[in-house]
Amino acid sequence: MNRAKSMLFSVALSVMATGAAQAQTAYKIGYIPTSIGQALTQAWRSGAEKVFKESNVTFQAYDANMKAETQVTLMDDLINQGYNAIILQPADAAALTASVKKAEAKGIPVITLNTDTLLPHAANVTMDDSGSGYLIGEKIGESLGGKGNVAIIQSPPGAQAGIDREKGFRAALAKSYPNIKIVGAQNALWVKDKAIEVMNSFLQVNKDLDAVFAVNDNMAEGATIAAESAGRLGQIKIWGFNGQKSTLTLIEQGKITGTAYTNAFNQGGTAAKYAMELLTGVKKKGAKTEIIVVPPFAATKDTVAQIKAEDRW
Amino acid sequence: MSVSAIRRLILIGLLISIGAALSVANPSFLTLDNLMTMLQEASLTGIVAIGFTLVLITAGIDMSIGAVIAITSMICVNFISYTSLPAYIFIPIALAMGCLIGWFNGFFITYFKLPEFIVTLATRGILTGLALIAAVKDSQGFVKNVFIQDELFLSFGETVGPVYIVVIVFFVLALATQFFIKRTRAGSNVYATGANPTAARLTGIDTDRTLIGVYMFSGFCAALASIFLCARMMTAMPEFGIGSEMDVIASVVIGGTPFTGGIGDIWGTVIGTLFLALIKNGILKLGLSPYIQPIVIGGIIVVTVVLDVWYKGFAEQRVAKLARQKQMPTREGV
Amino acid sequence: MSDKIKSTDSTLLLECRGIDKSYNGPMVLSNVDFSLKRGEIHALVGENGAGKSTLIKIVTGITNRNAGTMVFEGHSIPLEHNKNAAERLGIAVIYQELSLIHGMSVAQNIFLTKEPLFAGLPVIDIKKMNAMAQQMIDRYGFNLKATDIIDQLPIAQRQTVEILKALSNKASLMIMDEPTSSLTATESVQLFKIIRLLKSEGITVVYISHRMEEVFDLSDRVTVLRDGKLVSVLEKDEISPAEIIRLMIGRALTEDESHHRMVRKEGEVVIEVNNLCSQGKLKDVSFKVHKGEVLGFGGLVGSGRTELMRAIYGIDAFDSGSITYLGKPYVPSVEKSIAGGYGFVPEERRLQGIMGAISITGNIGIANLDSISSRAGFVSGTKERERAQQAIALLNVRPPNPDVLVGNLSGGNQQKVVVGKWLIRDLKLLIVDEPTVGVDIGAKEEMYQTIEHLSKQGVAVIVVSSDLPELTRLADRIIVLRKGRIIKEFIDGTVTEEEVLRAASGIIEGSAQ
């Protein structure tokens, strides 16, 4: 009830403030990641919150439980509730396209994170999935001396970000290291426990596995647990993606070989800033989606120290 | 007034009072847009719940409904991507597939006398896998969820006036099904089969045929809901509907159809579906933590079921007393 | 073939000759003749396994005969008979396990699968259906409403609905399998009225029962089966309970088996109940049971007998009153009762007494875990088996194989297993609730002997029964409950069944206390 009251209050305030200085205007901005409980989505959130603290913004996060259907429901609800802007990490590119289109038609700008939708909208703030995947492919190829067996721990079917990472990775191997064999590729649903299962099956089938690329850090950590308990951690190079704090620590300990680190605080903040600029009229919405790429950084045991403590998420 | 009528009135009363409270708490609740999206949400669950209600009345369970939604969406998207057949041809085919899956469920349950839960759970697993296999892939073999642009197909997601077509279909289907189970012989057979299968067989009811029919209907309803879901989201995903069983079961149980069979009707399910949709919408409107939602829904189910059991015990006592009183005059006459 | 049929006796509704039946193996029926006259009440009797059910199944088309002829109302019935055909001919069964649908109204049940429809539409005309049902109810003068929901009716009235259902099928033959097994004495009397009414309407009734008095009172003729063979067909003037029993079991019962005099037994009190009250169920119930005494509890169904037993055993709590067990104040709970030497054989055997999917050994073991397991809690398989064999021998369970699943045993043998669970303990008090419902006469007698055997060994026994001959046969003393109170106690001398029934029904000479 308190919250409702304060919301009513802020609405009243905004009515009174109409016509006053723009900085006084209250905005409601919604945040719909695929799941709010993950290191990456939490980092995005705190990065965005830091930006919004400076302006009069109610920033509300919603959990979609990894389901595209739920995200569509949430999008509809935020549109009905008259949110001013939405920051969305689509669970699926195609599935959220209609929702994003609907929001934009009502004048609500949508900024997507990582996964882009199929029709133009305000902006897409993304890691360089394909490029980073390519980079990891080259790193692995180099460290194996151009020969060996590699497995991939995949994202769920249809998750564009994961697919792009994998595609980039495969392209690098195909181009520069044709003698490296991809011996397996299985979906571990982005999560650690499933990745342990998948890694175990890789370990059982392939007695001479040399490297594993997991398309996110959670799954890389799962693979590490499985390899460690099989006593083969030292023989297998494990790469993740994203660069969350726990993974960086594991890299320092030498358990994980490397990850494509992106400053997720920065990424969230960039999305938030862009939203504010659109709302305050600093920027105008273009005909095409504005794509902002956050550059990756290959974090390995040698380079990880360069990532400052406050940039770890 | 009967027990179920009182229960229903209480639920409707709660529906209205929660709605009123939400209108006060958040002004965006009582807007046409919000009410219409809420009804749309309710209808997508509700269409599946109608079929599921009939299954529960026969004392069965259908765990495959979510997977039927997934496979139906894959069937549609394959037609759209790889053929030029119009929607009015492939939609009936997709619906027929839903019936066929239901037939398989019913056949295994009746012919091999297997437990409903196991059969439909197996079907669920098989269909989940098939949906992934059937999913549209790009040139490198990655699942690519297609953005549907078939206008006729997408018109299923449109509105008539402010009302979504799916809402109209839901209410018409509810009306027809309610009429069917209450006013036709085949409908009576459904109740009889659930209440006491042995007695039903002794009375000359072909319980196997009834069961197969009910599972086919359940498959049909899930397939129908799938088409509306795809049209709404303008895409199809191999994981559509997987996990939605819980919402369907919750709607039906809140609506007053128990797992024991022989009892329940569609109006209850309609109210239960609306109730669940309202609660979910309300949680969003109050800005409560998203983690609260499953807890609230679980809590409501427990409360309704406990009240049902408690009230049933109470009603049985009363009935026993009535029965005893009825017996009195004849007894003294001996 | 059909020429011959026309020449047979036209007063016969059904004529079966030389019926053979075997279910892969032993002959269940061999060369049985069975004929029914129009409008007669015909009893079919025999011990369990004599072939009664099989014969009925053949007549009603549930199963097919292997050989023999069957003629019903002049129609020769082929070997490939089936249930629907039998129904169309007018053969109806009133099942022992009621075949009504819960949650449906009387009218819905009567007309299930043949509901009246609106002309030309597949839509049920509910108004018309209710009116038709009410018309039938009124014609037979039953105390029912067409719109009553089945669940709200007492068993006896449900049976009436079954009969109406058969009548609506234009049945000319009605088969009733143990129709009184779950009725109280008064309700049974009601049913007999209805049966006579059916007879007066020209309907033939086949009556199957273990209760000889009923058979004796009702029947015009009796067919006796034994071991799948026809023993005899008795005419009205040849019927006597003793004769029927002699034919059924192939020997006459001894005086001791059929008669019993009440004997006062005094001495050490095993259990004493004082002023037990339980809201709406029991009021001021006080009694004692002595060592070696058999105390009978009579009364109508719903008079509080079962509730009283559950309270003493500790299943249900009671509001006030006290219990003294073996001289000490006792607040019952199931665990304490078992440990303290109680045995309890509940009323609904299938629901409360046995685990059908488990072997005899398992069923007996579970009630005796304390004596078959080590201190650490591990069960000793050998000990468990010994106990089971002990019980099997003591009670003559058939087959005497401890590995048989209890669900596969006959009703009588299941009952023995339930009793057997308690017998091998240091038993001080045994409570049996309706011990012989659905049990054949031979097994019944064994059950009685077991109870007597126990009481001779000093066990106090409480027997609850609606079967009046059973009570008078077993009990040393009889207490009659009515509406939760003790309304009459019969001590010493003899008691007639009528006296017990009158007390139970509330008709008592002099003061009603």
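The values are calculated or read from the model by the stated rules, or taken from the named source; none is laboratory data. Computed from a predicted structure; not experimentally measured. Cβ coordinates were reconstructed from backbone atoms using ideal geometry, including for glycine residues, and neighbour counts include every protein chain displayed.
Residues of region B:245-264 that are at pLDDT 90 or above and closer than 16 Å to B:Gly51 by Cβ: B:Glu245, B:Asp247, B:Val248, B:Ile249, B:Ala250, B:Ser251, B:Val252, B:Val253, B:Gly255, B:Thr257, B:Gly264.
You will find that of C:Ser322, C:Ser286, C:Ser333, the residue that is at pLDDT 90 or above and out of contact with any Pro (no Cβ under 7 Å at 6 or more places or on another chain) is C:Ser286 and no other. Of the residues making up region B:267-285, not a single one is surrounded by fewer than 16 Cβ atoms within 10 Å (Cβ to Cβ), more than 10 Å from chain A (Cβ to nearest Cβ) and touching a residue at least 24 places away in the same chain (Cβ under 8 Å). Applying the condition of being within 11 Å of chain A (Cβ to nearest Cβ) and outside any loop (DSSP other than H, G, I, E, B) to region B:127-149 and asking which residue is farthest from the chain's Cα centre (by Cα) yields B:Lys137. Quick check on this structure: which one of C:Lys83, C:Lys114 is crowded, with 16+ Cβ neighbours inside 10 Å and either touching a strand residue (DSSP E or B) at 6+ places or on another chain (Cβ under 7 Å) or modelled with pLDDT under 90 (or both)? Exactly one of C:Lys83, C:Lys114 is crowded, with 16+ Cβ neighbours inside 10 Å and either touching a strand residue (DSSP E or B) at 6+ places or on another chain (Cβ under 7 Å) or modelled with pLDDT under 90 (or both), namely C:Lys83. Would a scan of region B:100-117 turn up a residue that is within 22 Å of B:Leu154 (Cα to Cα) and either modelled with pLDDT of 95 or more or charged (D, E, K, R) (or both)? No, the conditions are met nowhere in region B:100-117.
For region C:191-218, the set of residues classified as polar (S, T, N, Q) and crowded, with 23+ Cβ neighbours inside 10 Å consists of C:Thr204 only.
C:Val28 meets the conditions (1) modelled with pLDDT of 90 or more; (2) assigned to a strand (DSSP E or B) in every case but one. The failed one is (1).
Screening A:Asp76, A:Asp116 for residues that are within 11 Å of chain B (Cβ to nearest Cβ) and charged (D, E, K, R) leaves exactly one candidate, A:Asp76.
Per the listing C:Ile462, C:Ile431, C:Ile486, C:Ile479, the residue uniquely in a strand (DSSP E or B), buried (at least 16 other Cβ atoms within 10 Å of the Cβ) and in contact with a Leu (Cβ under 6 Å, 6 or more places away or on another chain) is C:Ile462. Does C:Gly46 qualify as being assigned by TED's automatic domain parsing to the domain that holds C:Thr223 and either within 17 Å of C:Glu178 (Cα to Cα) or in contact with a helix residue (DSSP H, G or I) (Cβ under 7 Å, 6 or more places away or on another chain) (or both)? Considered against the rule, which asks whether it is assigned by TED's automatic domain parsing to the domain that holds C:Thr223 and either within 17 Å of C:Glu178 (Cα to Cα) or in contact with a helix residue (DSSP H, G or I) (Cβ under 7 Å, 6 or more places away or on another chain) (or both), C:Gly46 comes out as yes.
Yes/no matrix, rows are residues, columns are (1) in contact with a strand residue (DSSP E or B) (Cβ under 7 Å, 6 or more places away or on another chain); (2) touching a residue at least 40 places away in the same chain (Cβ under 8 Å):
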site: A:Asn179; (1), (2): no, no
site: A:Gln186; (1), (2): yes, no
site: A:Trp190; (1), (2): no, yes
site: A:Leu209; (1), (2): yes, yes
site: A:Val212; (1), (2): yes, yes
site: A:Gln235; (1), (2): no, no
site: A:Ile238; (1), (2): yes, no
site: A:Phe241; (1), (2): yes, yes
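I'd like the residue in region B:128-170 that is aromatic (Phe, Trp, Tyr) and touching a residue at least 24 places away in the same chain (Cβ under 8 Å) and, out of all such residues, is farthest from B:Ser218 (Cα to Cα). Selected residue: B:Phe147. Among the residues that make up region C:357-365, is at least one of them assigned by TED's automatic domain parsing to the domain that holds C:Leu474 and in contact with a Leu (Cβ under 9 Å, 6 or more places away or on another chain)? No, every residue in region C:357-365 fails to be assigned by TED's automatic domain parsing to the domain that holds C:Leu474 and in contact with a Leu (Cβ under 9 Å, 6 or more places away or on another chain). Is it the case, given these coordinates, that A:Thr300 is surrounded by fewer than 19 Cβ atoms within 10 Å (Cβ to Cβ) and either hydroxyl-bearing (Ser, Thr, Tyr) or under 26 Å from A:Tyr83 (Cα atoms) (or both)? Answer is yes for this residue.
For A:Ile140, the stated conditions hold: it is on the phi < 0 side of the Ramachandran plot, away from chain B (no Cβ under 14 Å), more than 21 Å from the chain's Cα centre (by Cα) and surrounded by 22 or more Cβ atoms within 10 Å (Cβ to Cβ). Here B:Thr273 does not fit the description of being under 24 Å from A:Val72 (Cβ atoms), touching a strand residue (DSSP E or B) at 6+ places or on another chain (Cβ under 6 Å) and modelled with pLDDT of 90 or more. Residue check: is A:Leu88 closer than 22 Å to A:Ile236 by Cβ, more than 9 Å from chain B (Cβ to nearest Cβ) and of a type outside the set (Gly, Ala, Ser)? When the stated conditions are applied, A:Leu88 does not pass them. Of all the criteria given as (1) hydrophobic (A, V, I, L, M, F, W, C); (2) over 23 Å from the mean Cα position of the chain (by Cα); (3) under 25 Å from A:Ile163 (Cβ atoms), the one not satisfied by B:Leu152 is (3). A single member of C:Leu501, C:Leu471 is out of contact with any helix residue (DSSP H, G or I) (no Cβ under 6 Å at 6 or more places or on another chain) and within 12 Å of C:Gly298 (Cα to Cα), and it is C:Leu471. In this structure, B:Gly299 does satisfy being at pLDDT 80 or above and out of contact with any helix residue (DSSP H, G or I) (no Cβ under 9 Å at 6 or more places or on another chain).
One residue stands out among those in region C:155-187 that are of a type in the set (S, T, N, Q) and more than 10 Å from chain B (Cβ to nearest Cβ): the one that is nearest to C:Tyr140 (Cα to Cα), which is C:Thr160. Of the helices (runs of 4 or more DSSP H) lying entirely inside region B:156-253, the ones with 2 or more residues being under 25 Å from B:Ala67 (Cβ atoms) and either touching a helix residue (DSSP H, G or I) at 6+ places or on another chain (Cβ under 7 Å) or within 14 Å of chain A (Cβ to nearest Cβ) (or both) are found at B:165-183, B:185-195, B:207-233. B:Arg124 satisfies every condition listed in (1) over 19 Å from B:Thr269 (Cα atoms); (2) facing another protein chain (nearest Cβ under 8 Å) except (2). On the stretch given as region C:303-335, residues that are part of a loop (DSSP other than H, G, I, E, B) and buried (at least 19 other Cβ atoms within 10 Å of the Cβ) total 6.
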